[in-house]
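Read through the structure below, which is laid out as structure tokens, and then see the notes.
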Amino acid sequence: MDALFYIASAVAIIATFLMLTRMNVVHALLFLIVSLLAVAVVFYTLGAPFVAALEIIIYAGAIMVLFIFVVMMLNLGKRAAAQEREWQRPSLWVGPSALAAVLVAEVVYLLTHADTRMSGAVALGPRQVSQSLFGPYLIGAELASMLLLGGLVGAFHLGRRIREKR
Amino acid sequence: MNPILKSLLILFLVIFIPLNLAAGLIWLERRLLALWQDRYGPNRVGPFGVLQVLADMIKIFFKEDWIPPFADKAVFVIAPAIIMITVLMSFTVVPWAPGATVANMNIGLLFFLAMSSLGVYSIVLAGWASDSKYSLLGGLRASAQMLSYEVFMGLSLMGTVLLTGSFRLNNIVDAQRHMWFVIPQFLGFVLFLIAGVAETRRLPFDLPEAESELVAGFHSEYSGMKFGMFFVGEYLGVILISAMITVLFFGGWRGPWLPPIVWFALKTLCFICFFILLRAALPRPRFDQLMSWGWKVMLPLALINLLVTGAVALAART
């Protein structure tokens, strides 16, 4: 299981890096999907199969399809790639790299100093996840559902057909 | 038998049988369609024309495997592979007979839903990578259609999960010891059947292809075995959905007298023939009709089904 964890993590990191450096938007999205699938495998090896399945169904299967749908509608061609190349100058990488370096340093510090525990000891199935989601965390779930309802009403308002006045 | 050898054998059969069945289905579909339309169909090559598929296979392997110069090469090549991978992965969770499952996961049903949601990419990317108007239109239609029908596909199955109390497909089959789920979950069955037809893009939901308007839709630019992969992938999808209907609503391998695997095969074959009959009988709807039907009729029905099932299950327990 440990080897699986490290392989999947490596795939996730490499795919995310490739996603950042692609000029073509669809290729970038494809690498992001690979990264999400790798993260799902990581969840599975850590003993959270339910979360792994949701990661694939919701992120990789639904949200990224919508992204690709929009990109297809925009029909970005070679010109967009050239523009992207223009924007991604090396000097642009300095700020984000510095911030990422801080995070990496923190992770390294945590791994070397504090007592960290690898991989969860128990596997959590759908039942345990649902029980805590609809038990102690009920308010969180309800708030998220209200937020989604708000988004739904907003989308309906924007998408509704305005009737011509007679 | 040696357990490793046994699992290897199961693995081999789970890949080998559906792939060959999918090819055989092409012959079955053409013969059955011909029967219902009062013609003969392919009946020249071999007994009853069974070897027609073999002849077609040899032909398709020798076709030029052409990639259009304007296409996005890498994505164009990956797209047909995705549909085969996702459908074959889904077959790993199907319980064919007692003990004959590749992966007996506690999230089996969710795994099936996850793989079917990834299958959309194949069609969408094929449409996009071909860089042609008709393909792109087919890809756009496919993403909208499959995304909306996936939503209530998942919801329609939650009724059976509620009654069983598990996502594990073996438990779902065991829970149908006394009664098939098609009786308490009839609405769920109908919803899943319709969603399944839409997910496999079979008539009447084949708008991404729509020969009469879009040439061949998302696979207009494909030739040779790449086209063949889409074709076989579609038939694999039909087998998968039929097998899942059998498992979830018709008691899986349960049945008297005959051995379990025979019951499973018989039930699945019935639904495969039903899929073909649908193609022979129904016309194709307009795209806006398809979308509003999905969101305004099927989704509310799936939600009502889930609510009522939940209420009944709760009342029965207390």
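The values are calculated or read from the model by the stated rules, or taken from the named source; none is laboratory data. Small disclaimer: the values here were computed from a predicted structure and weren't measured. Note that each Cβ is placed from the backbone with ideal geometry, even for glycine, and that neighbours are counted across all protein chains shown. All accessible areas refer to the heavy atoms of the entire protein, side chains included, with ligands and DNA or RNA removed. Shrake-Rupley method; radii C 1.70, N 1.55, O 1.52, S 1.80 Å.
Below are the figures for this structure:
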| item | result |
| --- | --- |
| Taking only Cα atoms of the protein assembly as shown, radius of gyration then Dmax in Å | 24.2, 80 |
| Buried accessible area, chains B and A (both chains, 1.4 Å probe, Å² to nearest 100) | 2100 |
| Mean separation of Cα contacts under 8 Å (6+ apart) over length of the stretch B:114-226, as relative contact order % | 38 |
| Calculated from backbone phi, Karplus (6.51, -1.76, 1.60) coupling profile of the stretch B:124-137 in Hz, x at Gly/Pro | 5, 5, 4, x, 6, 5, 5, 6, 10, 4, 5, 5, 5, 4 |
| Nearest-ten-degree value, helix B:73-90 long axis tilted from longest Cα axis of chain B | 30 |
| Extreme residue, positive dipole direction of chain B, given options B:87, B:121, B:142 (C-beta unit charges) | B:87 |
| Most to least packed among B:88-94, B:217-223, B:254-260 [average Cβ atoms within 10 Å] | B:217-223, B:88-94, B:254-260 |
| Cβ-placed point charges (K, R +1; D, E -1), dipole of the stretch B:195-318 about Cα centre in debye, nearest 20 | 500 |
| Shielding by partners - mean other protein chain Cβ count within 10 Å, residues of A:56-62 | 6 |
| Extension reserve of the residue B:60-residue B:314 stretch, reckoned as 0.36 nm per residue once the Cα distance is removed | 85.9 nm |
| Burial order of peptide ranges A:145-151, B:299-305, B:144-150 (average beta-carbon count within 10 Å, highest first) | B:144-150, B:299-305, A:145-151 |
| Estimated vicinal HN-Hα couplings, Hz - the stretch B:265-279 in sequence order (Karplus 6.51, -1.76, 1.60; Gly, Pro = x) | 5, 5, 4, 4, 4, 4, 6, 4, 5, 5, 4, 5, 4, 4, 5 |
| Carbon and sulfur %, accessible surface of the stretch A:123-166 computed with the full protein complex present, 1.4 Å | 67 |
| Local electrostatic count, residue B:208, Cβ distance below 13 Å [Lys/Arg +1, Asp/Glu -1] | -2 |
| Chain B, helix-only ellipticity at 222 nm - DSSP H runs n ≥ 4, -39,500 (n - 2.57), divided by all residues, nearest 500 | -23000 deg cm²/dmol |
| In order through the stretch B:147-162: 3J(HN,Hα) via Karplus (6.51 cos²θ - 1.76 cosθ + 1.60), integer Hz, x for Gly, Pro | 5, 6, 7, 5, 4, 8, 4, x, 5, 5, 8, 5, x, 5, 5, 4 |
| Crossing angle, helix B:3-36 versus chain B [Cα axis fit, 0-90 degrees, rounded to tens] | 60 |
| Peptide ranges A:37-48, B:45-56, B:194-205 listed from the most packed, as the mean C-beta count within 10 angstrom indicates | B:194-205, A:37-48, B:45-56 |
| Other protein chain Cβ atoms within 10 Å, averaged over every residue that makes up B:66-79 | 1 |
| Relative contact order computed over chain A (Cα-Cα under 8 Å; 6+ residues apart), in percent | 21 |
| Kirkwood hydrodynamic radius of the stretch A:123-166, Cα pairs, Å | 13.2 |
| Computed FRET value (nearest 0.05) for residue B:133 with residue A:137, which takes r as the C-beta separation and R₀ as 41 Å | 0.25 |
| Point-charge dipole on Cβ atoms (K/R +1, D/E -1) for the stretch A:1-101, about Cα centre, debye to 20 | 400 |
| Extreme residue, positive dipole direction of chain A, given options A:158, A:93, A:14 (C-beta unit charges) | A:158 |
| Solvent-accessible area per residue for the stretch A:1-101 (1.4 angstrom probe, square angstrom) | 59 |
| Average beta carbon contacts from partner chains per residue of B:215-224, 10 Å cutoff | 0 |
| Estimated FRET transfer efficiency (residue A:86, residue B:289; beta-carbon r; R0 35 Å; 0.05) | 0.20 |
| P(r) of chain B over all Cα-Cα pairs, binned every 10 Å from zero, in whole percent | 6, 25, 34, 25, 9, 2, 0 |
| Over chain A: helical MRE at 222 nm, DSSP H runs n ≥ 4 each giving -39500 (n - 2.57), nearest 500 | -23000 deg cm²/dmol |
| 15 Å Cα-Cα reach of residue B:73 towards aspartates and glutamates, excluding residues that sit fewer than 8 places from it in its own chain | B:65, B:131, B:221 |
| Pairwise FRET efficiency - residue A:153 versus residue A:20, Cβ, R0 = 35 Å, nearest 0.05 | 0.50 |
